[in-house]
Amino acid sequence: MTVAAPRPLNFSSGPAILPLEVLERAKEALGQLGTPSELGLEGRLSILEISHRSRAFASIHERAIERVHTVLGVPRTHRVLLLQGGASLQFAMVGMNLLEPQRRACFIDTGVWSTKAYKETAHLGPTEIVASSAETRYDRIPAFPEPERYAGASYLHITTNNTIYGTEFAEIPRSEGGGPLVADMSSNIGSRPMALERLGLGYAGAQKNLGPSGLTLVFIEESLLARKPLPNVPTFLHYRSHADNNSLLNTPNTFGILVLDLVLEWMESQGGVAALGERNARKADKLYRVLDESALYRPHAQRGSRSTMNVAWTLAGDTEEERDRRTKAFLAASEANGLSGLKGHRSVGGCRASIYNAFPESGVDTLCEFLREYERTAG
Ligand SMILES: *Cc1c(COP(=O)(O)O)cnc(C)c1O
C-alpha cells in the first residue's frame, strides 16, 4: 500500500493529518526510494541511520530552525529549541526555569491543558489562577485580567488554543503586569499570523500543526535564558543547556526534525501563515455557519472565542441519554461515510472536527454537506 491510496478524511486532534506531499518526501528520506540527496542526505543512507552530529543532519536541523523564524515568524530576539517530552514536559520545565524567588506564576485557566500546566507548576512553587472560564464549561476565553491581578508575577501563562473545547484567543494578548507572557501554542502555532514578539516563551508539541509526535518546539526570549533555574533542577532540564548546545545536548528526534522542516517548507509553498490563516478562517466559518443554522447541532464555543483549528459541538436532546444516543449514531454514520476522528474529547463529549493547516478546505465542504444531509434525513 502506498500513502497515496485513498484515505478517509482525517479529523484527528493529534497526532493529526499531514500534507500528502510531506508524507511522500518523508518516505523518500527513509532511503530506499526516491532521491535522498535532494534532502541533503549522504548517499542512500536514511535519516534514521545517520549521526545527529553529521553534516547532513546539521543542515536539515539548521534549515528547520531558520524556517521556524521565517515561516512561523518567531522573532530573532528568541532562541529556537527543538526538544522532546511534548508540551507536557514544558508544563514543568517552564516553572523550573522561569519561576523567580518569592514571585508566583499566574495562569489563565481555559481547560484541561492549562490546568495541567498549572498543576505541574504548583509542584515547584507558588501559582495562582487569575482568570478562568471553568464556570461555563470552558466555552469561552475569559476576559483578560487587569494588570494588578498578575502584577509582580514570574510570568503569566496562557493556552492560545484549547484543543478540547475549540476555544482560541482572538489574538495574543499583551502582558502588562511586568512578567513575560508564556504560551502553550500546541494546537494553533502557524495557523495564522500572530504577534509572537509579545511572548517571552512559546511552546508547542509538534503533532498538531507541525509534524510528528516526539518533537517539541520551544522559543524563548534571549533575556529569559539568563534566569537562574530552581535549585535541584538537573542541567538537562535547563533551557540554557539546550540553547548553549543548539538543541543537541543529547540525540534529538532527527526524523521528527526532518518532517518539521518539510512541513514548514510546505507551509511556505502554500503562501505562508498569511495565506493559511485566510484559508483556515474560511474553513472554520463554513463549519460554524452550518452548526449555527442547525437545530440538531450545538457549537460548544461561544462567538468571539471560537477556534479555527478545533470545532466542537454536541447534539441536541432533552436528556443526557438522548444526547448520547444521538452522538453515537452520528459518529457511526460519519465513520461509515469516510469521516474519521470526529469523536469529541471525553471531558466535553459530543463531536469535534480538528481542521489544522493540512486539513483541506474541500474536506470541510464534505463535512458541511454531511452535517446538513444527516440532520435532514436521520436527525
Ligand atoms: C495536545 C496538547 C498538549 C499535549 O501535548 P503533548 O505533546 O502530548 O504533551 C498540550 N497542550 C495543548 C494545547 C494540546 O493541544
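Where a number appears in this text, it was derived from the coordinates with a stated rule and is not lab data. Since the model is a prediction, treat every value here as computed from it, not as a measurement. Backbone-built Cβ (ideal geometry, glycine too); neighbour counts: all protein chains shown.
Would you calculate a helix-derived [θ] at 222 nm for the chain, using -39,500 (n - 2.57) for each DSSP H run of n ≥ 4 and dividing by the full residue count, to the nearest 500? Let's see the in-between values first.
Working: 9 runs with 128 residues, N = 379.
Calculated mean residue ellipticity at 222 nm is -11000 deg cm²/dmol.
Mean Kyte-Doolittle of at least -1.0 and a Cα length of 20 Å or more along the axis: which whole DSSP H helices of the chain meet both?
Span-like helices in the chain: 55-70, 254-269, 272-293, 361-377.
If you plug each phi of segment 295-308 into the Karplus form 6.51 cos²θ - 1.76 cosθ + 1.60 with θ = phi - 60°, what whole-Hz ³J(HN,Hα) values come out, in order, with x for Gly and Pro?
Result, rounded to whole Hz: 9, 9, 9, 10, x, 6, 7, 7, 4, x, 10, 7, 7, 8.
Extending each Cα 7 Å along its Cβ direction at Glu66 and Arg53, get the distance between those two points in nm, one decimal.
2.4
Amide H of Thr127 versus every other amide H placed in the peptide plane: which residues, excluding those fewer than 5 positions away on the same chain, fall under 5 Å?
Here the answer is Ala105, since their amide H atoms fall under 5 Å of that of Thr127.
Stretched out fully, how many nm does the piece from Glu128 to Ala336 gain, at 0.36 nm a residue minus the Cα gap?
Numbers: separation 208, 0.36 × 208 = 74.88 nm, distance 4.58 nm.
Gain on stretching Glu128 to Ala336: 70.3 nm.
Most exposed first by the Cβ proxy, i.e. fewest other Cβ within 10 Å, how do Trp313, Trp113 rank?
The fewest-first ordering by Cβ neighbours comes to Trp113, Trp313.
Tally Lys and Arg at +1 and Asp and Glu at -1 over the other residues with C-beta under 12 Å from the C-beta of Leu20: what net charge comes out?
Details: positive: Arg7, Arg25, Lys27; negative: Glu21, Glu24.
Cβ neighbours under 12 Å give a net charge of +1.
Please report the equivalent ellipsoid semi-axes of segment 25-269, computed as sqrt(5 x eigenvalue) of the Cα gyration tensor, largest first, in whole Å. All intermediate terms of the calculation are to be shown ahead of the outcome.
Values: eigenvalues 222, 77, 42 Å².
After scaling each eigenvalue by five and taking roots: 33, 20, 15 Å.
Given a Förster distance of 56 Å, report the FRET efficiency between Asn246 and Ala316 from their Cβ-Cβ distance, rounded to the nearest 0.05. Don't skip to the answer; put the middle values down first.
Working: r = 53 Å, r/R0 = 0.95.
Efficiency computed from Cβ-Cβ geometry: 0.55.
Please enumerate, by chain and number, the lysines with C-alpha under 23 Å from the C-alpha of Lys283, excluding those fewer than 8 residues away in the same chain.
Within the straight-line cut-off, Lys283 pairs with Lys208, Lys343.
Under 5 Å between amide H atoms, partner at least 5 residues away or on a different chain: which partners does Cys351 have, H built in plane at 1.01 Å?
Trp313, Thr314, Gly344
Given H placed on each backbone N at 1.01 Å, which residues far from Ala301 in sequence or on other chains put an amide H within less than 5 Å of it?
Distant-sequence amide H within range of Ala301: Ala312.
Using 1/(1 + (r/R0)^6) with R0 = 22 angstrom and r between the beta carbons of Asp324 and Thr366, what's the FRET efficiency to the nearest 0.05?
Working: r = 25 Å, r/R0 = 1.16.
Given R0 = 22 Å and the Cβ-Cβ separation, E is 0.30.
Along segment 156-164, what does the Karplus equation 6.51 cos²θ - 1.76 cosθ + 1.60 (θ = phi - 60°) give for ³J(HN,Hα), rounded to whole Hz, x for Gly and Pro?
Here the 3J(HN,Hα) series is 10, 9, 10, 10, 5, 9, 9, 3, 7 Hz.
Can you tell me what percent of all Cα-Cα pairs in segment 272-378 are more than 17 Å apart? Show your work: numbers first, answer last.
Values: 2845 of 5671 pairs.
Counting pairs separated by more than 17 Å, the tail of P(r) holds 50 percent.
Kindly state, as a whole number, the per residue volume in cubic angstrom of the convex hull around the alpha carbon atoms of segment 45-141.
Numbers: hull volume 16.4 nm³, N = 97.
Per residue, the Cα convex hull of segment 45-141 comes to 169 Å³.
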